[in-house]
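Following this message is one structure expressed as structure tokens.
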Amino acid sequence: MKVSAIIPARYRSIRFEGKPLADILGKPMIQHVYERVCRSKLVSEVIVATDDRRIYEVIRAFGGRVVMTASSHPSGTDRIAEVARKLKSEIVVNVQGDEPLIEGTVIDKAIRPLLTDKALMMSTVITKLKDPKDWLNPNIVKVVTDKKGNTLYFSRAPIPFPREFNSRRLSANFLKAQQRMPEGIYKHIGIYAYRRKFLIKYSKMKPTRLESLEKLEQLRALENGYRIKAVAVNYNPVSVDTPEDLQRVIGFLSSSRPRPRKNTNL
């Protein structure tokens, strides 16, 4: 079964313009993402979808596959759907272009539910949330699932929320370590695997009420009655949204590089 991974990449960004081309240890960030996606055992091909000629030329320069798309797309999903319409793959994976530490094994785990459940149209990955500050952070998306791993809801709010918690004093209590975060809280990792035909259909659906309220596009699938399977992984994503995030990634990769061995024969 052919699986295509598509990485949407745009140059313009409010918080970090040009971040796909930001240098990380001698390579542009988008190249790090591309090479890591290539480590997936289930992905047959990797494609970058962009509307910027500078990104296009950089991908071509290091030998990657890239497709120019329209500049009018409101989201990355619409961008990859444009590319998917011309593919023959049965499964398409959306991998964010701002995760230069993404692991191929994580991508494979997002894909596998579609290989085993023919009725499933969409799957994603989640990871345990350990820091209470992340649970309260509206920029980190939380998710709850049923006993079979099907998602019930995604939210920017802290979910599930224990009834006995005092919401007005919640932040202060956490900072003073007086209130423990509930067990089994998960955050969403922005990797999606779709059946190609569903992706094209999904991109044509009108935005839904909860999607517009939370500004979470995946709620459109749930509101239209489609299941999203969520697979738990042991992976803590480091997305690059700001120059400060970029320095964190550079620091991590620098420290994890193997050190050259000393020549003991001198």
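The values are calculated or read from the model by the stated rules, or taken from the named source; none is laboratory data. Just so we're clear, the structure is a prediction, and the values are computed from it rather than from any experiment. Here the Cβ positions follow ideal geometry from the backbone for every residue, glycine too, while neighbour counts run over all protein chains shown.
Considering only residues that are assigned to a helix (DSSP H, G or I) and either surrounded by 15 or more Cβ atoms within 10 Å (Cβ to Cβ) or modelled with pLDDT of 75 or more (or both), which ones fall in region 149-172?
In the first step, residues of region 149-172 are kept if they are assigned to a helix (DSSP H, G or I); the result is 167-172.
Within region 149-172, 170 is the sole residue that qualifies.
Could I ask something else about it? Taking the condition in a loop (DSSP other than H, G, I, E, B), crowded, with 20+ Cβ neighbours inside 10 Å and not hydroxyl-bearing (Ser, Thr, Tyr), does residue 63 pass?
no
Let me ask another. Any residue that is more than 16 Å from the chain's Cα centre (by Cα), part of a loop (DSSP other than H, G, I, E, B), of a type outside the set (Phe, Trp, Tyr) and under 23 Å from residue 215 (Cβ atoms) - is there at least one of those in region 43-57?
Yes, some residue in region 43-57 is more than 16 Å from the chain's Cα centre (by Cα), part of a loop (DSSP other than H, G, I, E, B), of a type outside the set (Phe, Trp, Tyr) and under 23 Å from residue 215 (Cβ atoms).
Inspect all residues belonging to region 90-99 and state whether any of them is in a loop (DSSP other than H, G, I, E, B), free of Cβ contacts under 8 Å to residues at least 40 places away in the same chain and either farther than 25 Å from residue 247 by Cβ or of a type in the set (Val, Ile, Thr) (or both).
There is no residue in region 90-99 that is in a loop (DSSP other than H, G, I, E, B), free of Cβ contacts under 8 Å to residues at least 40 places away in the same chain and either farther than 25 Å from residue 247 by Cβ or of a type in the set (Val, Ile, Thr) (or both).
List every residue pair whose Cβ atoms sit under 7 Å apart, with the two residues 6 or more apart in sequence or on different chains, where the first one lies in region 39-59 and is free of Cβ contacts under 8 Å to residues at least 40 places away in the same chain and the second, anywhere, is in a strand (DSSP E or B) and not β-branched (Val, Ile, Thr).
Correct list of pairs: 56/68; 58/28.
Can you run down the residue pairs with Cβ atoms below 6 Å, 6 or more apart or on separate chains, where the first is in region 218-232 and modelled with pLDDT of 95 or more and the partner is part of a helix (DSSP H, G or I) and not aliphatic (A, V, I, L, M)?
219/211; 220/211; 229/113; 231/109
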